[in-house]
Amino acid sequence: MTEPDTTGVLDSVTSPALNEGWIRAVLFDHAIDDWVDLGPDPIRRRHAGQIYADHVGAAYAAWKWLSDRAGADVDIPPADQAVPDALALEIGAGDWTELMAALLTVGRAQAVLFAELAAGGDEAARRAFDRVGRDCAGHAALAFLELRRGTFTDRDRAVAALRRMVPATAALLAGTGADSRWSGRLEPLLAALGWDLTKV
Amino acid sequence: MSTTTINWGDLDVLVDALRAAHPRVDPRALEDAELGALVEGLEGYSASGPAAGPGDYEALRAMWHWGA
């Protein structure tokens, strides 16, 4: 099978939002399947399952949208390729603390990018990405709440994760025009947690 | 009949009131200012209570959507 060529439909926003390495990892390589085991108690297991399902849904929406525009078969995976650092860090979250740190930063970036796609694209883009953007924004809000409460997250490990995730996410958004919107939302939340963005 | 005073000092009470008053609203889609306007429009809301601090809007958004 020939891998779809979607390069003609990617631009500065769609390229990071619809990253094919991330799509392949999530949708075809089962790279986030372990997330469903990360919830530390029953209600958080439910949350983890929902977060997992939303991410698979986002990856499917992204790949369907790209495949439709390229006239390609959605069942054929993208070529195996590197995943940007921020998205790789999110995929690799190994416990509840790391997942919350990832959703606060990387997930929020995805929320901003998908919202931009929904608002700036045609009706098909709005249908495909409006809910996905809200889902990611909801994950980021939950992550903030979990980190603020600190009942099931470890402060030092969260900060350590953010030291990697904040710069990686900024790099992901560089050139998209969405970076200031992302940092404008994230910075006061990190300050509310007592974590200065400039120090993480 | 007594009316419960609602303010930013108790997010659990605030969330319950918002859910009852706006059952179809998706809080994930609301900006902080829009969320604040809904709060201020609640019956029993008291502006003399504590002001929303940094992060309170995001925490409220999460509690409303996730039931967390």
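The table that follows gives values for the structure above.
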item	result
Tally, over region B:22-41, of residues that are in contact (Cβ under 8 Å) with a residue 24 or more places away in the chain and surrounded by 16 or more Cβ atoms within 10 Å (Cβ to Cβ)	5
Residues located in region B:42-68, provided they are crowded, with 20+ Cβ neighbours inside 10 Å and more than 7 Å from chain A (Cβ to nearest Cβ)	B:Asp56, B:Tyr57, B:Leu60, B:Trp64
A:Ala93, sole failed condition from (1) small (Gly, Ala, Ser); (2) assigned to a helix (DSSP H, G or I); (3) surrounded by 15 or more Cβ atoms within 10 Å (Cβ to Cβ); (4) within 15 Å of the chain's Cα centre (by Cα)	(2)
Condition check for A:Asp68: of a type in the set (D, E, K, R), farther than 16 Å from A:Ala17 by Cβ and either more than 13 Å from the chain's Cα centre (by Cα) or modelled with pLDDT under 95 (or both)	no
Residue match in region A:72-88 (condition: under 22 Å from A:Arg131 (Cα atoms) and either within 14 Å of chain B (Cβ to nearest Cβ) or among the charged types (D, E, K, R) (or both))	no
Tally of residues being outside any helix (DSSP H, G or I) and either farther than 17 Å from A:Gly184 by Cβ or touching a residue at least 12 places away in the same chain (Cβ under 8 Å) (or both) across region B:42-64	12
The listed residue being part of a helix (DSSP H, G or I), in contact with a Gly (Cβ under 8 Å, 6 or more places away or on another chain) and either touching a residue at least 12 places away in the same chain (Cβ under 8 Å) or aromatic (Phe, Trp, Tyr) (or both), out of A:Gly49, A:Gly57	A:Gly49
Looking only at region A:136-183, and only at residues there that are within 14 Å of another protein chain (Cβ to nearest Cβ) and in a loop (DSSP other than H, G, I, E, B), the one that is nearest to the chain's Cα centre (by Cα)	A:Thr153
Residue ID - farthest from A:Ile91 (Cα to Cα), chosen from residues in region A:116-135 that are in a helix (DSSP H, G or I) and of a type in the set (Asp, Glu)	A:Glu123
Members of region A:184-200 found to be more than 14 Å from chain B (Cβ to nearest Cβ) and either charged (D, E, K, R) or under 15 Å from the mean Cα position of the chain (by Cα) (or both), listed by number	A:Lys199
Breaking point among (1) surrounded by fewer than 13 Cβ atoms within 10 Å (Cβ to Cβ); (2) more than 9 Å from every other protein chain (Cβ to nearest Cβ), for B:Leu11	(1)
Pick from region A:113-135, criterion aliphatic (A, V, I, L, M) and away from chain B (no Cβ under 13 Å), ranking: surrounded by the most Cβ atoms within 10 Å (Cβ to Cβ)	A:Leu113
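The values are calculated or read from the model by the stated rules, or taken from the named source; none is laboratory data. Treat the numbers as computed from the prediction; the structure is a model and nothing was measured. Every residue, glycine among them, receives a Cβ derived from its backbone with ideal geometry; neighbour counts consider all protein chains shown.
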